[in-house]
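Okay, structure first, notes after.
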Amino acid sequence: MASMATLFAQTTFPSRSLSQTFNTHLAPSSKVSVFAKRREWRHVGVRVSNTLIEPDGGKLVELVVREAERESKKGEALSLPRIKLSRIDLEWVHVLSEGWATPLHGFMREAEFLQTLHFNSLRLADGSLVNMSVPIVLAIDDAQKHLIGDSKRVALFDSKGDPVAILNDIEIYKHPKEERIARTWGTTAPGLPYVEQTITNAGNWLIGGDLEVIGPIKYNDGLDHFRLSPAELRAEFTRRNADAVFAFQLRNPVHNGHALLMTDTRKRLLEMGYKNPVLLLHPLGGYTKADDVPLDWRMKQHEKVLEDGVLDPETTVVSIFPSPMHYAGPTEVQWHAKARINAGANFYIVGRDPAGMSHPVEKRDLYDADHGKKVLSMAPGLERLNILPFRVAAYDKTRGKMAFFDPSRPQDFLFISGTKMRTLARNKESPPDGFMCPGGWKVLVEYYDSLVPSSNGKVPEAVPA
């Protein structure tokens with residue numbers, strides 16, 4: 001395990017795929033076919049640089065106070081009005097504290113909240129725009145508002161009663177729940193997981209201000225060593241002399257189609273002129289809905305993928321992205337991409353229906369499957385980021401392994417959806433050889449075996465997610 005922890009600390013990963021062009025913000029007029037011959041890649045108008053991309057606003061925001069100040073800050077916190085944080089609130093404190101949401105210095109005040117809702121961006125003092133597509137806010141109820149009174153500072157406590165942070169120069173304003181939901185998700189249909197978890201029963205007020213976080217956020221779940229901050233990731237990329245970083249987000253187990261995509265992307269970046277592109281395999285580690293595979297099991301599965309040599313630890317950095325998941329499609333995928341800029345990534349792989357889910361009421365996808373990659377290629381504040389839509393990978397029955405889909409012989413390919421994969425694992429049925437490494441599949445089967453099966457010993461087909 002120790003050796004694998006080292007591999008992980010040195011070690012992205014997407015969703016599904018479908019697109020035939022790479023759109024680059026650095027050369028907006030340049031669209032190069034993903035299926036183009038290798039020599040054509042050398043003409044892509046992407047600037048090859050040996051330095052990491054700058055964070056939004058030019059400087060990474062880090063909000064954890066110095067170690068020498070922590071005891072005194074705890075004492076201050078005990079004298080202030082208190083707000084108890086939920087688990088998801090704490091995850092947002094984590095996100096803010098490490099600078100994933102740079103240039104934010106704390107929970108949003110009303111002006112930032114409205115810009116996010118209406119423009120998916122924030123305007124900086126110099127007039128420039130940075131992307132910000134999801135509200136990062138803290139809700140309070142009437143009783144808490146009354147308790148705060150005229151105080152300009154409040155303390156944030158976790159569920160165990162320990163002080164986590166101080167929120168300074170606070171601003172309290174109305175929480176327009178319906179507007180927030182409609183503009184973030186494009187619907188107010190009942191059953192949206194994040195909405196039900198964090199908004200429906202939340203308070204009618206939002207409180208914003210500048211954060212002083214008393215210490216690094218830790219979960220003590222055996223996975224904290226995987227939670228590298230943007231500053232730590234940048235240091236690791238610099239140590240490896242990376243001249244390009246391409247990020248791949250996932251919230252599902254890694255199969256060989258994902259690995260094919262990641263290794264192929266690196267090969268193509270080398271053909272473009274980069275000398276040492278490094279992959280950031282970046283599973284989402286905050287709140288996810290109930291039918292997603294839990295983080296600890298996903299990390300066990302990823303560990304086996306590395307042990308089996310499916311990914312190269314020399315050119316891969318595996319880390320956990322601490323953000324909660326909204327399942328807000330094209331709106332949320334902008335947040336996922338923006339946060340990776342702050343960690344040093346200048347390429348972002350986007351798949352089919354990123355951050356999407358099934359409609360909570362109707363039997364259809366909530367979002368158009370192609371809108372995520374289209375929105376990313378046009379999004380304000382993401383002009384510096386190169387968006388890489390990825391190719392469709394499927395199981396090639398003639399070759400007995402995952403391969404890029406060839407439309408000239410569709411009968412030779414088998415598409416194994418995430419839903420189908422989960423159902424096979426639940427029922428202890430094996431996928432075709434070459435779909436996933438044996439060790440990784442065994443972990444997935446073990447996870448579903450740990451759940452309570454139905455009365456007939458089979459788990460019914462899951463609703464697509």
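Subtracting the Cα-Cα distance of K74 and D150 from 0.36 nm times their residue separation leaves 25.2 nm of extension gain. Net charge in the neighbourhood of I199 (other residues with Cβ under 9 Å of its Cβ; Lys, Arg +1, Asp, Glu -1) is +1. Computed from backbone phi, the HN-Hα couplings of segment 397-407 come to 5, 6, 10, x, 7, 6, 8, 5, 4, 10, x Hz, rounded to whole numbers (Karplus: 6.51 cos²θ - 1.76 cosθ + 1.60, θ = phi - 60°; Gly and Pro given as x).
Estimated at 0.36 nm per residue, the fully extended path between R239 and K275 surpasses their Cα-Cα distance by 11.5 nm. All other residues whose Cβ lies under 10 angstrom from that of K289 are scored, Lys and Arg at +1 and Asp and Glu at -1, for a net of -2.
Projecting the Cα positions of W185, L270, I214 onto the charge dipole of segment 168-271 (unit charges on Cβ atoms of Lys, Arg, Asp and Glu, taken about the Cα centre) puts L270 furthest along the positive direction. Taking each residue as 0.36 nm, the span from R66 to F119 lengthens on full extension beyond its C-alpha to C-alpha distance by 15.6 nm. For chymotrypsin sites (Phe, Trp or Tyr not before Pro), the sites in segment 371-417 that DSSP calls loop and that have at most 16 other Cβ atoms within 10 Å are F415.
Based only on the alpha carbon positions, what is the Kirkwood hydrodynamic radius of segment 54-109, in angstrom? Don't jump to the answer; show the numbers that get you there.
Working: mean 1/r = 0.0781 Å⁻¹.
With all distinct Cα pairs of segment 54-109 included, I get 12.8 Å.
Name the residue from I166, G149, V130 whose Cα lies farthest towards the positive end of the charge dipole of segment 64-184, charges +1 on Cβ of Lys and Arg and -1 on Cβ of Asp and Glu. Value computed over the given set: G149. The distance from the alpha carbon centre of segment 293-322 to that of segment 115-137 is 33 Å, rounded to a whole number. When only the Cβ of Lys, Arg, Asp and Glu is charged (+1, +1, -1, -1), the dipole of the chain relative to its Cα centre reaches about 1320 debye.
Most simply put, the chain has about 60% antiparallel DSSP beta bridges, counting only bridges with both residues inside it.
With Cα extents along the principal axes in Å in mind, check [x] 71, 59, 45; [y] 122, 45, 43; [z] 67, 56, 50 and report the label derived from this structure. Comparing each candidate, only [x] matches the computed number.
Taking 19 Å as the cut-off for C-alpha to C-alpha distance, list the pairs among K59/K338; K84/K338; K84/K289; K145/K174 that go past it. Show your work: numbers first, answer last.
Details: K59/K338 14 Å; K84/K338 29 Å; K84/K289 23 Å; K145/K174 11 Å.
Beyond 19 Å: K84/K338; K84/K289.
Ranked from largest to smallest solvent-accessible area, with a 1.4 Å probe on the protein heavy atoms, R183, R239, R426, R384 come out as R239, R183, R384, R426. Taking the 1.4 Å solvent-accessible surface of the chain as the whole, the part contributed by carbon and sulfur is 51%. In this structure the chain gives 43 Å² per residue of accessible area when probed at 1.4 Å with all protein chains present.
The values are calculated or read from the model by the stated rules, or taken from the named source; none is laboratory data. Every value quoted in this text rests on a predicted model; they were computed, and no experiment measured them. Positions of Cβ are generated from backbone atoms using ideal geometry, with glycine treated the same way; all protein chains shown enter the neighbour counts. Quick note on the areas: whole protein, heavy atoms, side chains included, nothing else; ligands and nucleic acids left out. Shrake-Rupley method; radii C 1.70, N 1.55, O 1.52, S 1.80 Å.
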